[in-house]
Amino acid sequence: MARRTGPVCVLCRRERQKLYLKGTRCETPKCAIERRPYPPGEHGRGRIKESEYMLQLREKQKARRIYGVLEKQFRRYYQEATRAKGITGTRLLQLLEMRLDNVVYRGGLAMSRDQARQFVNHGHFQVNGKKVNIPSYHLKPGDVVEVRQKSRTVGRIVESAAFAAGRQIPEWLSLEPGELRITVLREPERDIIDVPVQEQMIVELYSK
């Protein structure tokens, strides 16, 4: 599957705000948006006429980059959200939040979504006792995600778990740090999904 392999800090600069794609680095003075708070490229400091379409497109691109999904995947999530009951934009964000890689990150067992995706791809996690190596695996309330027994001594996982002790875990998840276990309590409501995305603009973009 196609994945971006280049620097990710330019993505934050393009959106002109922190997307927290590099974990703890984003909270230090080394963060690219702190040093160069303007879009990348030759014309980054120039004035750009921001049309309605451009603003909607930027919101969609921002959401894609935060969750690390491809365009085709993102469109599928949107189509699924339109078929579900409730507000389409909220359902879209809930579907993205319930991805396995996002839950591993939100639950504190990875420092970034990219790292969480790598951990899952390498088979370090299991869901309800069964090994799962698909980052987009959709979780449901009641599911239990934990580090596999043979992976509990992996250095980067141990480091991430120690880092989790100082992080605030969202209330829709429950973390047992000593057991390296996350339990999904419920789907998150929109008011506790702390992503800087105006989902209604994404709905308007795809509705055209």
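Can you name every residue in region 60-83 that is among the β-branched types (V, I, T) and either surrounded by fewer than 16 Cβ atoms within 10 Å (Cβ to Cβ) or outside the structural domain of L205 (by TED's automatic domain parsing) (or both)?
Of everything in region 60-83, just one residue is among the β-branched types (V, I, T) and either surrounded by fewer than 16 Cβ atoms within 10 Å (Cβ to Cβ) or outside the structural domain of L205 (by TED's automatic domain parsing) (or both), namely T82.
Looking only at residues in region 124-165 that are small (G, A, S) and under 19 Å from the mean Cα position of the chain (by Cα), which one is surrounded by the most Cβ atoms within 10 Å (Cβ to Cβ)?
Only one residue tops the list, namely S160.
Condition first: in contact with a Pro (Cβ under 9 Å, 6 or more places away or on another chain) and either at negative phi or among the β-branched types (V, I, T) (or both). Now tell me which residues in region 70-108 satisfy that.
Once the filter is applied, which keeps residues that are in contact with a Pro (Cβ under 9 Å, 6 or more places away or on another chain) and either at negative phi or among the β-branched types (V, I, T) (or both), region 70-108 yields L93, Q94, E97, M98, R99, L100, D101, N102, V104, R106, G107.
Listed here are the residues, each with its yes/no results for (1) in contact (Cβ under 8 Å) with a residue 12 or more places away in the chain; (2) under 20 Å from Y78 (Cα atoms); (3) part of a loop (DSSP other than H, G, I, E, B).
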residue: S160; (1), (2), (3): yes, no, no
residue: R167; (1), (2), (3): yes, no, yes
residue: L175; (1), (2), (3): yes, no, no
residue: T183; (1), (2), (3): yes, no, no
residue: E204; (1), (2), (3): yes, yes, no
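What helices (runs of 4 or more DSSP H), lying completely within region 20-89, carry at least 1 residues that are modelled with pLDDT under 90?
Helices (runs of 4 or more DSSP H) meeting the threshold: 32-35, 52-67.
Anything in region 149-158 that is in a loop (DSSP other than H, G, I, E, B) and either in contact (Cβ under 8 Å) with a residue 12 or more places away in the chain or in contact with a Cys (Cβ under 9 Å, 6 or more places away or on another chain) (or both)? List them, or say none.
Answer for region 149-158, where residues must be in a loop (DSSP other than H, G, I, E, B) and either in contact (Cβ under 8 Å) with a residue 12 or more places away in the chain or in contact with a Cys (Cβ under 9 Å, 6 or more places away or on another chain) (or both): R152, V154.
Give the residue that is modelled with the highest pLDDT, with candidates limited to residues of region 144-195 that are in contact with a strand residue (DSSP E or B) (Cβ under 7 Å, 6 or more places away or on another chain) and of a type in the set (S, T, Y).
Going through the qualifying residues, I end up with T183.
Could you tell me which residue of region 185-200 is surrounded by the most Cβ atoms within 10 Å (Cβ to Cβ), considering only residues that are among the hydrophobic types (A, V, I, L, M, F, W, C) and either touching a helix residue (DSSP H, G or I) at 6+ places or on another chain (Cβ under 9 Å) or not in a loop (DSSP other than H, G, I, E, B) (or both)?
Only one residue fits best here, namely V197.
When only residues in region 84-112 that are among the small types (G, A, S) and under 29 Å from A161 (Cα atoms) count, which is surrounded by the most Cβ atoms within 10 Å (Cβ to Cβ)?
Step by step, filter region 84-112, then rank; the result is A110.
The values are calculated or read from the model by the stated rules, or taken from the named source; none is laboratory data. Note that this is a predicted model, so its numbers are computed, not measured. Neighbour counts are summed over all protein chains in view; Cβ atoms, including those assigned to glycine, are modelled from backbone coordinates with ideal geometry.
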